[in-house]
Amino acid sequence: MEKKVVITGMGIWSCIGQTLDDVRDALYTGKSGIIFSQERKDLGFRSALCAHLEQPDLKPFVSRSLRQFMPEEAQYAYMATKQALENANLDQDYLDAHEVGIIYGNDSVAEATMHALDKFREFKDTSACGSGAIFQSMNSTVTMNLACAFKLRGINLTASGACASGSHAVGLASLLIRNGLQDCVICGGAQEANLYSVASFDGINAFSLRENEPTKASRPFDRDRDGLVPGGGAATLILESYEHAVKRGAPILAEVVSWGFSGNGAHISTPNVAGPARSLELCLKNGNILPKEIGYVNAHATSTHAGDGKEALAIAQIFGDYKVPVTSTKGQTGHEMWMAGASELIYSVLMMKNDFIAGNLNFENPDEETACINIVPETREVHFDMFLSNSFGFGGTNSTIIVRNIDSNH
Amino acid sequence: MTREDIIKTVNSALAEEFEVEENALDPEANIKETLSLDSLSLVDLVALIQQTYKVKIPVSDLPSIQTFNNLYDYIEAHLPK
């Protein structure tokens with residue numbers, strides 16, 4: 001028999017806040033985390049826009065012997081996970097006594113790889129890379145580090161699905177719990193925010209050039225959008241079976257109702273409508289949910305012309321006459337890429353638990369395609385009990401998750 | 001570079017890299033024990049010496065370096081002339 005999957009904890013390290021309360025407030029007020037980076041401009045970036053992220057200090061929490069294996073994204077993920085575990089009332093004694101797993105989305109380790117190979121080439125000696133390099137420069141660096149830091153003994157796996165990585169990680173974790181293979185899984189997504197990680201992305205002209213107005217640069221669905229703004233950080237959710245959560249007296253925030261996914265089977269960077277539409281359709285079908293039951297859609301929309309328009313058409317196709325409220329939080333955060341699928345679940349849960357939909361920052365005018373959906377431009381106080389979150393990525397990988405509210409008095 | 005210079009700069013670099021107090025580095029103390037080095041962090045010690053002094057310590061020479069004095073001796077003997 002399938003088990004009900006619930007969210008019992010959340011933690012985040014993002015450009016709009018490093019606590020759930022701060023992030024909730026930032027969402028409500030429409031705060032932007034986007035800045036202009038002179039360093040990027042001086043180094044030759046076409047677009048010097050990026051998210052501004054605080055750098056965490058792990059020294060009080062993690063020994064030097066473990067920190068040396070942790071690149072930037074693993075440090076963000078550590079801070080987000082520490083917070084999520086505390087939020088879920090899971091302490092180290094519990095982790096030591098029970099089998100808890102981890103599935104995290106990550107799809108690059110650019111800076112760590114570059115630094116290690118620079119040392120190798122400079123000294124013509126592999127040991128010059130240092131002992132941390134191999135562990136920092138593997139794509140599974142987040143899960144290998146967090147599993148050791150928190151002494152996790154369950155599933156230990158990194159999901160790499162481009163900009164849908166975080167969503168796929170949560171989807172996979174929910175699947176394992178639903179089928180009784182794990183009781184509790186830490187899941188999420190991490191994104192390195194250093195300039196090296198996105199230099200080649202900048203090179204394909206994908207970023208906004210609105211450098212004179214950084215906070216207006218990321219404008220999902222808006223007619224005058226001209227590209228995405230790269231972001232980063234990490235977001236962690238604690239997923240467990242309902243009965244496991246009840247048994248240990250955990251705070252239950254919401255239910256992961258279903259996961260849907262699909263592949264476009266087409267171009268590597270140009271999205272289509274059919275692929276995303278099938279992801280949404282499958283997610284609704286898997287959860288036995290009707291479109292009209294969804295109170296809010298957190299869109300993937302990254303502020304690119306090609307992507308936002310196709311997603312709008314896919315949403316319109318699936319929801320038909322029902323004009324579900326839609327926003328993309330990327331107007332505030334930029335594109336958090338490997339992290340986005342997880343962070344946007346947290347943003348949406350925060351909205352759902354606090355009865356509002358954060359306005360789609362910088363949405364001023366629709367274009368022909370984005371006019372077919374109901375985009376919420378300003379923050380709206382509204383109660384809803386179920387939302388759908390989209391994440392799509394290069395190679396045509398699509399992931400959709402539906403989450404239902406669970407009253408704190410469940 | 002005098003031996004005093006070597007001791008000063010080595011201790012400073014080790015203290016920063018391995019997060020120990022400089023005054024805890026007794027010349028006759030065992031390096032691995034003092035710095036809590038395992039087989040992996042020993043690689044960092046080798047890399048640090050290589051990057052600071054351009055002195056490469058081959059794995060075969062590592063067993064002869066037990067104390068901090070052994071390390072100072074080794075660097076002094078192998079510093080590029």
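The values are calculated or read from the model by the stated rules, or taken from the named source; none is laboratory data. Not measured: the values here are computed from a predicted model. Glycine gets a Cβ as well: all are built from the backbone with ideal geometry, and neighbour counts include every protein chain shown.
Is it the case that A:Asp118 is without any contact (Cβ under 8 Å) to a residue 60 or more places away in the chain, within 14 Å of another protein chain (Cβ to nearest Cβ) and surrounded by fewer than 16 Cβ atoms within 10 Å (Cβ to Cβ)? Spell out how you get there, then give the answer.
Numbers: without any contact (Cβ under 8 Å) to a residue 60 or more places away in the chain: yes; within 14 Å of another protein chain (Cβ to nearest Cβ): yes; surrounded by fewer than 16 Cβ atoms within 10 Å (Cβ to Cβ): yes.
So A:Asp118 fits the description; yes.
Just one of the listed residues (A:Leu152, A:Leu157, A:Leu176) is of a type in the set (A, V, I, L, M), touching a residue at least 40 places away in the same chain (Cβ under 8 Å) and in contact with a Phe, Trp or Tyr (Cβ under 9 Å, 6 or more places away or on another chain), and it is A:Leu157.
In segment A:144-156, the count of residues that are out of contact with any Leu (no Cβ under 9 Å at 6 or more places or on another chain), within 14 Å of chain B (Cβ to nearest Cβ) and either at negative phi or not aliphatic (A, V, I, L, M) (or both) is one or more.
Within the span defined as segment B:58-79, every residue fails to be on the phi > 0 side of the Ramachandran plot and either within 12 Å of chain A (Cβ to nearest Cβ) or modelled with pLDDT of 90 or more (or both).
Taken over segment A:88-109, the criterion of being surrounded by fewer than 18 Cβ atoms within 10 Å (Cβ to Cβ) and part of a helix (DSSP H, G or I) is satisfied by A:Gln92, A:Asp93, A:Tyr94, A:Asp96, A:Ala97. For segment A:1-37, a residue qualifies if it is hydroxyl-bearing (Ser, Thr, Tyr) and crowded, with 18+ Cβ neighbours inside 10 Å, and the qualifying residues are A:Thr8, A:Ser14, A:Ser32, A:Ser37. It is to be established whether one or more residues within segment A:131-143 are more than 21 Å from the chain's Cα centre (by Cα) and over 21 Å from B:Ser41 (Cα atoms). No, segment A:131-143 has no match at all.
For segment B:23-43, what are the residues that are buried (at least 18 other Cβ atoms within 10 Å of the Cβ) and polar (S, T, N, Q)? Before you say what the answer is, go through the steps one by one.
The first filter runs over segment B:23-43 and keeps only residues buried (at least 18 other Cβ atoms within 10 Å of the Cβ), leaving B:25, B:31, B:35, B:37, B:41-43.
Within segment B:23-43, B:Ser41 is the sole residue that qualifies.
Taking segment A:43-72 as the range and being in a helix (DSSP H, G or I) and without any contact (Cβ under 8 Å) to a residue 12 or more places away in the chain as the test, the residues that pass are A:Arg64, A:Ser65, A:Arg67. Which pairs have Cβ atoms under 7 Å, sit 6 or more apart or on different chains, and link a residue in segment A:123-137 that is more than 7 Å from chain B (Cβ to nearest Cβ) and in contact (Cβ under 8 Å) with a residue 12 or more places away in the chain to one that is in a helix (DSSP H, G or I) and hydrophobic (A, V, I, L, M, F, W, C)? Listed by first residue and then by second, the contacts come to A:Cys129/A:Ala116; A:Cys129/A:Phe120; A:Ala133/A:Ala112; A:Ala133/A:Ala116; A:Phe135/A:Met144; A:Gln136/A:Ala112; A:Ser137/A:Ala112; A:Ser137/A:Ala116. Of all the residues that make up segment B:1-40, how many are assigned to a helix (DSSP H, G or I), among the hydrophobic types (A, V, I, L, M, F, W, C), more than 14 Å from chain A (Cβ to nearest Cβ) and free of Cβ contacts under 8 Å to residues at least 40 places away in the same chain? Count: 1. Identify, from the list B:Val46, B:Val59, the residue that is closer than 23 Å to A:Ala116 by Cα and surrounded by 16 or more Cβ atoms within 10 Å (Cβ to Cβ). Unique residue meeting the criteria: B:Val46.
Scanning segment A:314-336 for residues being surrounded by fewer than 20 Cβ atoms within 10 Å (Cβ to Cβ) and either touching a helix residue (DSSP H, G or I) at 6+ places or on another chain (Cβ under 9 Å) or in a loop (DSSP other than H, G, I, E, B) (or both) gives a total of 5.
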